Amino acid sequence: MDVVEVLRDLGGVARTRELVRAGSSSSALTRAHEQGRVVRVARGVYALKGYDGDRLAALRAGTELACISAARQRGLWVLRRPSLLHVAVDHGRAVEGSGLRIHRAALPIPTLTVCLQCARCLPELDALCIIESAVVLGLVHLADLRAQAERTRSGSLRNILGLLDPHAESILETLARYHLLRAGFHVASQVHVPGVGRIDLFVDGALGIEADGRQYHSGRREFEEDRRRWNLLTTRGVPVLRVTRQLLVEDPGQFILLVRAALAAKGRRP
């Protein structure tokens, strides 16, 4: 297999053993390096020309990505980019390099271990977003997380699992649900309304919440469908708040005030 294609499939940077395992040969790797098609960035580490990512920095330091940095690389829902690069080693020796947060773990690191690291290391909401997405995307099993919570007696992991919804469809839904639950509301997820479809969240059986991650509608058909759903919900007396990432991340208190006001207008608790 072509070394450049294999490197691209592996994310742009990899160790020699990973490249060989994926189908390249040592001789092909040597030729690609001599031809300038790939770059040797450290002993036994090769990258695509111009590649500059988190894993490159981790491998240069003789480490592997861990915790929230590994979550970002694996496409999990990361709320805030970390200020430090989280990396792991499987030894007790000192690691050279600045801007690193060192974890100790057996390598390679499975996604289950990434979730456990996040539960120990990150604020509750940040860890929930990552762990929930790992379950939603099928990268870890909820049963395995529950077993780890019992085995390690981790209070933080148990709390996160108590908040987790395996049917969530986006990080915005996770954020909204978290703030609503912490404010004491009863929240149902992905509620089906006949003739309308699903509403992201339903609060206290009276108020719909739609998490809107798009600044603009992607086309006329989507615009018309949104208006059809909105009109049907209105005729059925179901108010819906459409909330954005900016509101949920930067001003969750205002989000909760809006929910209370909408419920009060329906004659529910203020």
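The values are calculated or read from the model by the stated rules, or taken from the named source; none is laboratory data. Not measured: the values here are computed from a predicted model. Using ideal geometry, Cβ is built from the backbone for each residue, glycine included, and neighbour counts are taken over all protein chains shown. Each accessible area value is taken on the protein alone, full model and side chains, heavy atoms only, with ligands, DNA and RNA left out. Shrake-Rupley method; radii C 1.70, N 1.55, O 1.52, S 1.80 Å.
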Accessible area (Å², per residue) of the range 1-141, counting only protein heavy atoms and a probe of 1.4 Å: 50
Estimated distance in nm for a label pair at ARG60 and VAL20, the labels positioned 7 Å out from Cα along Cα-to-Cβ: 2.6
Helix axis angle, 124-136 relative to the chain longest principal axis, alpha carbon, degrees: 80
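Rounded to a whole number, what is D in µm²/s for the chain from Stokes-Einstein with the Kirkwood radius over alpha-carbon pairs (37 °C, 0.692 mPa s)? Mind showing how you got there, number by number?
Values: Rh = 21.3 Å.
Translational D for this selection: 154 µm²/s.
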Cα Rg, Dmax (largest Cα-Cα span) when computed across the range 174-249, Å: 12.7, 38
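What is the projected area of the convex hull of the Cα atoms of the range 52-92, averaged over all directions, in nm²?
3.1
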In sequence order, calculated HN-Hα J values of the range 161-172 (Karplus, 6.51, -1.76, 1.60; Hz; x Gly/Pro): 5, x, 9, 6, 10, x, 9, 4, 10, 6, 5, 5
Accessible area (Å², 1.4 Å probe, nearest 10) - PHE202: 40
0 to 90° range, to nearest 10: angle between helix 252-265 axis and the chain longest Cα axis: 20
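Please report, in cubic angstrom per residue, the volume enclosed by the convex hull of the alpha-carbon atoms of the range 112-270.
126
Normalised by the empirical 2.2 N^0.38 Å for globular proteins, what value does the Cα Rg of the range 1-153 take? Each step should come with its number before you reach the end.
Details: Rg = 16.7 Å, N = 153, 2.2 N^0.38 = 14.9 Å.
Its radius of gyration relative to the 2.2 N^0.38 Å reference: 1.12.
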Mean-position separation - Cα centroids, the range 57-82 and the range 246-269, in angstrom: 34
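Take the Cα atoms of the range 85-185, build their convex hull, and give its volume per residue in Å³. The partial results should precede the final answer.
Values: hull volume 11.8 nm³, N = 101.
It is 117 Å³ per residue.
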